[in-house]
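Worksheet: one structure, shown below.
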Amino acid sequence: MEEGNDGAAHPRSLQELVISLQQLCLKNHGTKVSIGDIVQMLGPRSFAPLVLAIGLIGITPLDSIPTLPTTFGVIILLTVGQMLIGQKSLWLPGIIARRAVTADRLNSALDWLRPRAARADKWLGVRLRFLTQGAFLLAVAACCAILAALMPMLELVPLISTVPSLAFTAFGIALLMHDGVAALAGFLLTALTLALVLEVFRLPF
């Protein structure tokens, strides 16, 4: 784990990011952890780690909290948008930054995630780097934006929002670790999400 000059945590793997989040939970034991707390921990310039953090939290049991997937979608949309226009520091509206969950509940979800993150780290690395740069970077951002916009609708169907959260995780890995294979996984998960959306529209209500 690296620590920047601003005192922010700079995780280099899934497990390091999970550990950083758990340390934040321990620091806030008995209270809550807000989105603003996570951004402060990662640093206002940590666009890629935030996308990854939101994706990871989104695949934990916390995903079942009402309106939380929608909040995650808004965060992703704002993050990739500001990243693309070259914003140096991430800005989130107060209503989003103040959204919080209890520290103990988040820590329990991260306990579930930590061994899975450790196993996944063994398969990650700098591969097919060109898939995380140039036009492909724009494609990653576009996919994230599309998925983020769909989150409120996907929240109406139990468990489906986990699929775009997996895509956010894959894209976060791609951006943070320059792993083109993860970017490919993100594109496939985006396609799967769109296919699921089409199926949802076909369901009789």
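The values are calculated or read from the model by the stated rules, or taken from the named source; none is laboratory data. Because the structure is a prediction, the values reported are computed rather than measured. Here the Cβ is made from the backbone with ideal geometry for all residues, glycine too, and neighbour counts use every protein chain on show. The accessibility values were calculated without ligands, DNA or RNA, using every heavy atom of the protein model including side chains. Shrake-Rupley method; radii C 1.70, N 1.55, O 1.52, S 1.80 Å.
Annotations for the structure displayed:
- Each residue in region 92-107 was checked for being outside any helix (DSSP H, G or I) and either within 16 Å of the chain's Cα centre (by Cα) or in contact (Cβ under 8 Å) with a residue 24 or more places away in the chain (or both), and 6 pass.
- Residue 157 falls short on exactly one of the conditions (1) assigned to a helix (DSSP H, G or I); (2) more than 21 Å from residue 82 (Cα to Cα); (3) of a type outside the set (Gly, Ala, Ser), and that condition is (1).
- In this entry, residue 113 is excluded by the filter for residues that are farther than 27 Å from residue 32 by Cβ and either touching a residue at least 60 places away in the same chain (Cβ under 8 Å) or in a helix (DSSP H, G or I) (or both).
- Residue under evaluation residue 52, criteria (1) farther than 15 Å from residue 21 by Cβ; (2) touching a Leu at 6+ places or on another chain (Cβ under 6 Å); (3) among the aliphatic types (A, V, I, L, M), criterion not met: (1)
- Qualifying position, being of a type in the set (Gly, Ala, Ser) and open to solvent by 50 Å² or more (accessible area, probe 1.4 Å), among 46, 108, 13: 108
- The requirement of being within 21 Å of residue 13 (Cα to Cα), open to solvent by less than 30 Å² (accessible area, probe 1.4 Å) and either without any contact (Cβ under 8 Å) to a residue 40 or more places away in the chain or not aliphatic (A, V, I, L, M) (or both) is fulfilled nowhere in region 192-200; no residue meets it.
- For region 69-80, the candidate set comprises residues that are open to solvent by 10 Å² or more (accessible area, probe 1.4 Å) and β-branched (Val, Ile, Thr); within that set, the residue that is nearest to residue 24 (Cα to Cα) is 71.
- When the helices (runs of 4 or more DSSP H) confined to region 21-85 are screened for residues that are over 13 Å from residue 97 (Cα atoms), in contact (Cβ under 8 Å) with a residue 40 or more places away in the chain and out of contact with any Phe, Trp or Tyr (no Cβ under 6 Å at 6 or more places or on another chain), those reaching at least 3 such residues are found at 47-58, 68-84.
- The combined condition, being under 25 Å from residue 15 (Cβ atoms), outside any loop (DSSP other than H, G, I, E, B) and aromatic (Phe, Trp, Tyr), is not fulfilled by residue 123.
- Leading residue by the ranking (surrounded by the most Cβ atoms within 10 Å (Cβ to Cβ)) among those in region 162-185 that are free of Cβ contacts under 8 Å to residues at least 60 places away in the same chain and out of contact with any Ser or Thr (no Cβ under 8 Å at 6 or more places or on another chain): 182
- Set side by side, the residues 66, 93, 61 differ, and just one is more than 20 Å from residue 11 (Cβ to Cβ) and open to solvent by less than 50 Å² (accessible area, probe 1.4 Å), which is 93.
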